[in-house]
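Participant: I'd like to ask some things about the structure below.
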Amino acid sequence: MNSRFFLLLPVVVLLAGCVSAPKTDVYTYRSDIGGPGIALIVDNELDSGDTPTELIWLNASRIRQGPWDAKYYLEVRYEALAQTGYLDIAPGETLTLTLDGQTTKFGGIGSLNERKETGGTLVEHAIYEVKVDDLRQIAKAKEVKVDIAGSQRTIHREFKRENIEKFRTFILTHMGF
């Protein structure tokens, strides 16, 4: 019996080395040349229902500003077919988050310089500077509603459990609760 254990041990160790880490959408980038470290949530797509006319992502990032400071951002990514058109996010308070019934508005420079068409798909980005406590509140919330105001319409979405989990992972990994 002892010899079987010693024969199986190397096989188990080899197989354990093939196991990958759990998949996450939280990434860190550090430049070896001295640029700022960046941590971000990517692919935080918000549920658009069964027949979406547009897709929305709400991602977050932290950009280091020295050893102790950082700037924090929320990024809205909008994608739609050409017939749906751009959302046309203007400068100002165009992102509204309702966290467990409490509403917070965020302002940014809009998406004017961040619009492009790729293969019949319209893509638009808007960036909003936020405080670390804003990101912590999102991660701690049980219910998150998102409203993005465009020039002609406003898009409404709600976080699912996996969206909140991505924010929790981001906060726990890079900032702590």
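Participant: Taking a threshold of 18 Å on the Cα-Cα distance, which of the pairs K71/K142; K116/K160; K140/K166; K131/K160 fall above it?
Facilitator: Too far apart for the 18 Å limit: K71/K142; K116/K160; K131/K160.
Participant: Nearest 20 debye, what's the magnitude of the dipole of region 25-162 about its Cα centre given +1 on Lys and Arg Cβ and -1 on Asp and Glu Cβ?
Facilitator: The calculated dipole for region 25-162 is roughly 400 debye.
Participant: Sequence gap at least 6, Cα distance under 8 Å: using those rules, report the relative contact order of region 94-167 to the nearest whole percent.
Facilitator: Relative contact order comes out at 32 percent.
Participant: Using a cut-off of 10 Å between beta-carbons, work out the net charge of the residues near T103 (Lys and Arg +1, Asp and Glu -1, T103 not included).
Facilitator: Cβ neighbours under 10 Å give a net charge of +1.
Participant: Additional query: Run through region 146-177 and list the trypsin sites (Lys or Arg not before Pro) located in a DSSP loop whose Cβ has at most 15 other Cβ atoms within 10 Å.
Facilitator: Hits after loop and neighbour filter: R153, K160.
Participant: Further question: Evaluate the charge dipole of region 36-108 about its Cα centre and quote only its size in Debye, nearest 20, assuming +1 on the Cβ of each Lys and Arg and -1 on the Cβ of each Asp and Glu.
Facilitator: Magnitude of the dipole: close to 440 debye.
Participant: Provide the gained length on full extension for the span K140 to V42, in nm with one decimal, where the gain is 0.36 nm per separating residue minus the Cα-Cα distance.
Facilitator: Gain on extension, K140 to V42, equals 33.4 nm.
Participant: Just the number, please: carbon plus sulfur as a percent of the accessible area of region 31-114, 1.4 Å probe, no ligands or DNA/RNA counted.
Facilitator: Carbon and sulfur atoms account for 50 percent of the accessible area of region 31-114.
Participant: Sort 141-152, 99-110 by packing, meaning the average of other beta carbons within 10 Å per residue, with the highest value first.
Facilitator: The peptides rank, most packed first, as 141-152, 99-110.
The values are calculated or read from the model by the stated rules, or taken from the named source; none is laboratory data. Bear in mind the structure is a predicted one, so any value in this text is a computation, not a measurement. Note that each Cβ is placed from the backbone with ideal geometry, even for glycine, and that neighbours are counted across all protein chains shown. The area values use the complete protein model at the heavy-atom level, side chains included, leaving out ligands, DNA and RNA. Shrake-Rupley method; radii C 1.70, N 1.55, O 1.52, S 1.80 Å.
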